[in-house]
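First the structure, in the form of structure tokens, and then the observations on it.
Each reported figure results from applying straightforward, stated rules to the coordinates on display, with no laboratory input. In this text the structure is predicted, and so the values were computed from the model without any measurement. Note that each Cβ is placed from the backbone with ideal geometry, even for glycine, and that neighbours are counted across all protein chains shown.
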Amino acid sequence: MLTGDRPTGPLHLGHYFGSLQNRVAMQDDFESYIMVADVQALTDNFHQPEMVRQNVLEVAMDNISAGMDPKKSTLFIQSQIPQIAELTVFYSNLVTVNTLKRNPTVKAEIAEKRELFGQDGESVTYGFLGYPVSQAADITIVRAHIVPVGEDQLPMIEQTREIVERFHRMYQCNIFPLPQSKLSNSPRIIGLDGSGKMSKSLNNAVYLKDNPEETIEKIKGAKTDSGTTIEFNPKERPEISNLVLIYSLIHNQNPKDVASELKHNTYSEFKLKLAHDLNRHLMPFRAKRLELESKPHYVKEILDMGRVKVLEKAEETMRQVREAMKINY
Ligand code: ATP
Ligand code: MG
């Protein structure tokens with residue numbers, strides 16, 4: 001299993017329910033790799049390398065605090081595995097520019113990043129447009145079978161499958177498993193501002209490491225419609241439904257049952273209840289997080305062990321790739 005996060009900020013509830021819980025549950029049964037995607041983060045943050053650097057440890061600590069066990073899972077930094085960059089170059093011959101331009105997630109992200117890539121995406125870089133290709137290399141360098149992700153990443157996994165099939169056909173080999181995505185029951189938590197996705201880059205998130213007061217303030221300020229009843233109806237009333245969904249996830253309940261149980265609450269009563277329960281739910285996470293913050297060396301050691309392990313696996317993959325491509329001089 002391989003999955004990862006971009007070090008563009010600390011992790012939030014979307015990650016927690018969208019991917020972290022799944023990856024923690026899977027580590028008992030799968031050889032698991034968790035990648036801190038610093039090279040990918042730089043594709044749209046090339047102008048702020050310091051920010052990316054600082055968030056590497058944040059993302060690593062969030063994973064460990066959420067239950068990633070360094071004895072069972074391998075945590076590593078993308079840029080420390082140069083074989084990923086090498087594989088990306090070879091894969092880039094197998095993908096057309098038009099396919100990348102049509103990738104719905106890439107398209108939406110280019111539109112969000114007007115300041116960086118221009119009003120109509122006319123200044124989008126080759127690196128950003130190509131990040132799905134590099135993601136295919138991330139997944140296949142460890143020859144992963146399964147990739148737990150949020151909904152926004154489905155086009156990336158599909159792209160990876162296409163690359164793998166084309167690679168095998170083109171070079172008459174069978175090196176990689178065909179990777180499958182694994183969605184959680186809540187593959188898309190929307191932002192507190194009501195926008196399509198809770199996201200580190202959009203400042204619309206409850207971060208797992210937020211303190212209880214921040215959490216209460218953020219939930220109180222979450223956008224809702226002008227209705228008066230609590231309901232779970234994501235199509236017509238996405239904002240309140242998103243809060244009901246979060247409540248249902250922490251209580252392990254069906255969101256429709258939550259809504260009918262709480263339908264007589266006012267929005268502000270419900271929000272307070274949600275914030276308090278969320279704080280209680282995240283207490284063990286936050287305690288572990290504080291402990292890790294006081295021992296960065298321990299976290300760095302885990303990343304270093306991961307680097308050594310993945311380097312070996314990656315080099316074995318590339319040995320096969322170079323042979324298949326007839327560049328094993
Ligand atoms: P950025 O804004 O920098 O892209 P992000 O919040 O989208 O940050 P990523 O590091 O890109 O976070 O995503 C890590 C993983 O978490 C991916 O598998 C992604 O699908 C999942 N994920 C991110 N946001 C959400 C969300 N709001 N709901 C469910 N899953 C999510
Ligand atoms: Mg993202």
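Dividing the helix sum by the residues of the chain, where each DSSP H run of 4 or more adds -39500 (n - 2.57), gives a mean residue ellipticity at 222 nm of -16000 deg cm²/dmol.
Relative to the longest principal axis of the Cα atoms of the chain, the long axis of helix 49-65 lies at roughly 70 degrees.
The GluC sites (Glu not before Pro) of region 41-143 that meet both conditions, a loop assignment by DSSP and at most 14 other Cβ atoms within 10 Å of the site Cβ, are GLU122. A crude spin-label estimate for the pair GLU162 and HIS264, with each label 7 Å from Cα along the Cβ direction, gives 5.4 nm. When only alpha carbons are used to place a centre, region 249-314 and region 66-138 end up 26 Å from one another.
Only Cα sites of region 240-329 enter the Debye sum here, all with the same form factor; the resulting log10 I(q)/I(0) across q = 0.19, 0.22, 0.24 1/Å is -0.87, -1.01, -1.11, listed in q order.
Of all DSSP-defined beta bridges confined to the chain, some 5% are antiparallel rather than parallel.
Relative contact order, whole percent, for region 152-202 stands at 26, derived from Cα pairs under 8 Å and 6 or more residues apart.
In terms of its Cα atoms, region 212-291 spans 42, 24, 21 Å along the principal axes, sorted from long to short. Highest-first packing order for the peptide set 189-195, 178-184 is 189-195, 178-184, based on the mean count of other beta carbon atoms within 10 Å.
Summarising the overall dimensions of region 48-195 from its C-alpha atoms, the Rg and Dmax are 16.6, 49 angstrom. Size descriptors for the chain, from the alpha-carbon set: Rg then Dmax equal 20.6, 73 Å. Dividing the mean sequence gap of close Cα pairs (under 8 Å, 6+ apart) by how many residues the chain holds gives a relative contact order of 23 percent. A simple charge model with +1 on the Cβ of Lys and Arg, -1 on the Cβ of Asp and Glu and nothing else charged puts the dipole of the chain at about 380 debye relative to its Cα centre.
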